[in-house]
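The structure under discussion appears below in the form of structure tokens.
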Amino acid sequence: MVVDVGNWDASRAVNTPGQSGNQASPHYRDLASTWAAGKYFPLTYSRDAVEKVTRERITLTP
């Protein structure tokens, strides 16, 4: 993780092998090649930046 505290939306990160610990998830190994190549993905922070990259939303209701 590389965090730019002057511009939070410019931060970058990588997590190997992927974003999910569930082997059945398509995100289980989705970052392995990114990590192996020494690359990062944008780590968005502001609401506007997060909204632009949101692909799925989960609503938890008690």
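In region 1-12, the residues that are within 12 Å of F41 (Cα to Cα) reach residues that are exposed (fewer than 10 other Cβ atoms within 10 Å of the Cβ) with C-beta atoms within less than 9 angstrom, at least six apart or across chains, in these pairs: D9/D48; S11/M1; S11/V5; R12/M1.
Any residue at all in region 15-34 that is modelled with pLDDT of 95 or more and small (G, A, S)? No, region 15-34 contains no residue that is modelled with pLDDT of 95 or more and small (G, A, S). Here V50 fulfils each of the conditions (1) in a helix (DSSP H, G or I); (2) in contact with a Gly (Cβ under 9 Å, 6 or more places away or on another chain) apart from (2). Restricting to region 35-53, count the residues that are surrounded by 15 or more Cβ atoms within 10 Å (Cβ to Cβ) and either touching a His at 6+ places or on another chain (Cβ under 6 Å) or of a type in the set (V, I, T) (or both). Matching residues across region 35-53 total 1.
The values are calculated or read from the model by the stated rules, or taken from the named source; none is laboratory data. Since this is a predicted model, take the numbers as computed values, not measurements. Positions of Cβ are backbone-derived with ideal geometry, glycine not excepted, and every protein chain shown enters the neighbour counts.
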